[in-house]
1. Using 0.36 nm per residue of separation minus the Cα-Cα distance, give me the extension gain between Ser50 and Ser239 in nm, one decimal.
2. What order, most packed first, do the peptides 260-269, 79-88 have when packing is the mean number of other Cβ atoms within 10 Å of each residue?
3. Treat each spin label as a single point 7 Å out from the Cα along the C-beta direction, and report the Ser267 to Asp108 distance in nm.
4. Cross-link partners among lysines for Lys190, C-alpha distance below 16 Å, same-chain residues fewer than 8 apart left out?
5. Could you give the length gained on full extension between Thr291 and Gln212, defined as 0.36 nm per residue of separation minus the Cα-Cα distance, in nm?
6. Select from Pro12, Pro253, Pro211 the residue whose mean-square fluctuation is largest in a Gaussian network model of the chain (Cα-Cα springs shorter than 10 Å).
7. Connecting C-alpha atoms closer than 10 Å in a GNM of the chain, tell me which of Ala209, Ala229, Ala258 has the biggest fluctuation.
8. Once both labels are modelled 7 Å past Cα along the beta-carbon direction, what's the Lys190-Tyr29 spacing in nm?
Amino acid sequence: MTFLPQLSLFSPAKINLFLHITGKRPDGYHNLQTVFRLLNWGDTLQFSVSDKQFDPHASFDSHNLPITLSSNVDVTANLMDNLVTKAAIALIVYLKSQAQRSAIQLTDSLPVIDINLDKVLPTGAGLGGGSSNAATTLLALNQLWGFKLDQQTLIEIGSVVGADVPIFILGTDAIAEGIGERLTPISLPKQYYLLLNPEAHASTQALFAHPQLRRDLPVMSVSDIENNAEGYLERLYPSFGNVFEPVVTEVVPEVKQALLYLKQLESMTHSNARMTGTGSSVFLPIPEAMTSQIQTHMVNNPPPCQAVITHSLTL
């Protein structure tokens, strides 16, 4: 088996152009429908093959991990709780299961991969930063260890790590169903966005349990979502929305304030502001020709939190 020495990968953010809950599942999770859009703004991960080895057949603990992780920001105190580590372990667990079936050969030792995370994306923002890092780790380790698993296999492994991980392995805009693991790629026109990122956010678990959260939106067919993109791209028609937005703006005033700031620009941009995911970030689609005008507006009228002008990953 030949190991690549190092790899540097971009780890993009995502936004939800809309986010619906269509019902609760027997396993306690919720069925969702959304359109994920990947952005040209995100983190960078550097992967290097170290001289250290670990035993993939042994139990994982702080003394036997497949990776090391350093970052420009504080990482999880317990590395076992970090999504990057969980992704690496999930990959090894899958490989071990395949080895037991004689589907692949798994050696008694593999090189530890040193990972350096240059973190840009805020945490708890609904931008999928942790999930994106986990997906990027799966893609990198698959190459560095030379296993060459196909994309669908990596998506299945990623879904064990987190519901948002598969979209970043797919690497393109997509309609998502189920808990986010059933993906249908969708071709969308290029778009610029103004993102506001309040530091405050609410617990995802608390939001899903909130009594005012709508969980009964009608299921749309994939073709209906594809054919009605004008209802959620720039404008947001009444049949589309983020079910978490009214709940979050009620319990997190900083998100409400950021959303109100963007709504003041709607008459200028002829688009609709909205919240992404279950986190705190809000965004407004803006015309490319207006980016300078928007920047000038922000200089004269500073937003209440971090602001970023970015665009879709595929322009």
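1. On the way: separation 189, 0.36 × 189 = 68.04 nm, distance 5.18 nm.
My answer for the length gained is 62.9 nm.
2. 79-88, 260-269
3. Taking the two extended label points, one gets 7.5 nm.
4. Straight-line reach from Lys190, under 16 Å: Lys14.
5. Between Thr291 and Gln212, full extension yields 24.8 nm more.
6. Comparing Pro12, Pro253, Pro211 in a Gaussian network model of the chain, the most mobile one is Pro211.
7. Top of the fluctuation ranking is Ala209.
8. The two pseudo-label positions are separated by 3.6 nm.
The values are calculated or read from the model by the stated rules, or taken from the named source; none is laboratory data. Model, not experiment: these values are computed from the prediction. No Cβ is skipped: glycine too gets one built from the backbone with ideal geometry, and neighbour counts run over all protein chains shown. Surface areas here come from the heavy atoms of the whole protein model, side chains and all, with no ligands, DNA or RNA. Shrake-Rupley method; radii C 1.70, N 1.55, O 1.52, S 1.80 Å.
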